[in-house]
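To start, the structure itself, in structure tokens.
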Amino acid sequence: QVQLVESGGGLVQAGGSLRLSCTGSGLTFDDYTMGWFRQAPGKEREGVSCITRTGYPTYNADSVKGRFTISRDNAKNTVYLQIYSLKPEDTAMYYCAAASSGGHYSCSLGFGFTYWGQGTQVTVSS
């Protein structure tokens, strides 16, 4: 079965850094555009960043530009989200997701992504 597993979240102070990882199994990893999304309580799901099959970032939310960097290592079936200068408003559950290349999907809202991980919690204290 297809599985995406996130890791790397935690509790950090504002200004700190984290690297989130998402490892896929049960799928041909390089067939998929990968995305990171987040959702805080009471808020809509927000697209954070997306990356193509071959490793080109295609989307960054305005709220994270300059602080978040997406990358992938297809040999390891893993996509990463490096986060610098964390802010309290970054507190959310962070999810990775996979969208079939050539399909229709939204990197801003997460529509059209076929597979989703269970999420990893990022909490940023003031």
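The values are calculated or read from the model by the stated rules, or taken from the named source; none is laboratory data. Quantities reported herein were computed from a predicted structural model and do not represent experimental measurements. With ideal geometry, Cβ positions are generated from the backbone for all residues, glycine too; neighbour counts draw on all protein chains shown. The area values use the complete protein model at the heavy-atom level, side chains included, leaving out ligands, DNA and RNA. Shrake-Rupley method; radii C 1.70, N 1.55, O 1.52, S 1.80 Å.
One table, with the values for the structure above:
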item: Simple label model, 7 Å out from Cα along Cβ direction - SER100 to THR123, nm; result: 3.9 nm
item: Net charge over other residues, Cβ less than 14 angstrom from the Cβ of ARG38 (K, R count +1; D, E count -1); result: -2
item: The chain - charge dipole about Cα centre, Lys and Arg +1 at Cβ, Asp and Glu -1, debye rounded to 20; result: 160 debye
item: Cut-off 15 Å between beta-carbons: net charge of the residues surrounding GLY110, Lys and Arg +1, Asp and Glu -1; result: 0
item: Only Lys, Arg (+1) and Asp, Glu (-1) charged, at Cβ; the range 44-110 dipole about Cα centre in debye; result: 240 debye
item: Candidate residues GLU6, GLU46, GLU89: accessible-area rank, largest first, probe 1.4 Å; result: GLU89, GLU46, GLU6
item: Förster radius 30 Å - calculated FRET efficiency between SER108 and GLN13 (Cβ-Cβ, nearest 0.05); result: 0.55
item: Net length gained if the chain between THR58 and SER71 were fully extended (0.36 nm per residue, minus Cα distance); result: 3.6 nm
item: Bridge type composition, the chain - antiparallel percent by DSSP, nearest 5; result: 90 percent
